[in-house]
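Remarks on the structure that follows.
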Amino acid sequence: MTERLTTRDGRTLAYHRSGSGPTLVCHPGGPGFSSLYLADLAGLGDELELVLVDPRGTGGSDPASDYPIADYASDL
């Protein structure tokens, strides 16, 4: 199921939760890579709750005109 959050600068980011256990937040890098590239991280979802982020401009997240590293860090 896709969930959404609003960043400090007002963008909407999508993310997906799967698995159970301690939480691991996963950012696929980018630009251009959505959480779909991560899948279940080779089975880590069997032991961890994965929170898979769609970075700015990918998947269900708002579009982006640029991709500063500081924005990626702030989103997490």
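The values are calculated or read from the model by the stated rules, or taken from the named source; none is laboratory data. In this text the structure is predicted, and so the values were computed from the model without any measurement. Note: ideal-geometry Cβ built from the backbone for every residue, glycine included; neighbour counts use all protein chains shown.
Structural remarks
- Any hit, segment 33-49, residues being in a strand (DSSP E or B) and modelled with pLDDT of 85 or more: yes
- Picking from residues in segment 9-32 that are part of a loop (DSSP other than H, G, I, E, B) and either among the acidic types (D, E) or farther than 19 Å from S65 by Cβ (or both), the one that is modelled with the highest pLDDT is P22.
- If the condition is being within 12 Å of the chain's Cα centre (by Cα), surrounded by 15 or more Cβ atoms within 10 Å (Cβ to Cβ) and not aromatic (F, W, Y), then segment 19-36 contributes L24, C26, H27, P28, G30, S34, S35.
- Selection of first residues in segment 10-29 that are in contact (Cβ under 8 Å) with a residue 40 or more places away in the chain and of second residues that are part of a strand (DSSP E or B) and surrounded by 15 or more Cβ atoms within 10 Å (Cβ to Cβ), restricted to Cβ pairs under 6 Å at least 6 apart or on distinct chains, gives the following pairs, ordered by first then second residue: A14/D54; V25/V51; H27/V53.
- Options R4, R8: the member that is surrounded by 12 or more Cβ atoms within 10 Å (Cβ to Cβ) and among the basic types (K, R): R4
For (1) surrounded by fewer than 16 Cβ atoms within 10 Å (Cβ to Cβ); (2) over 15 Å from R8 (Cα atoms), each residue gets a yes or a no:
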{"site": "L38", "(1), (2)": "no, yes"}
{"site": "L48", "(1), (2)": "no, yes"}
{"site": "T58", "(1), (2)": "no, yes"}
{"site": "Y67", "(1), (2)": "yes, yes"}
{"site": "A70", "(1), (2)": "yes, no"}
{"site": "A73", "(1), (2)": "yes, no"}
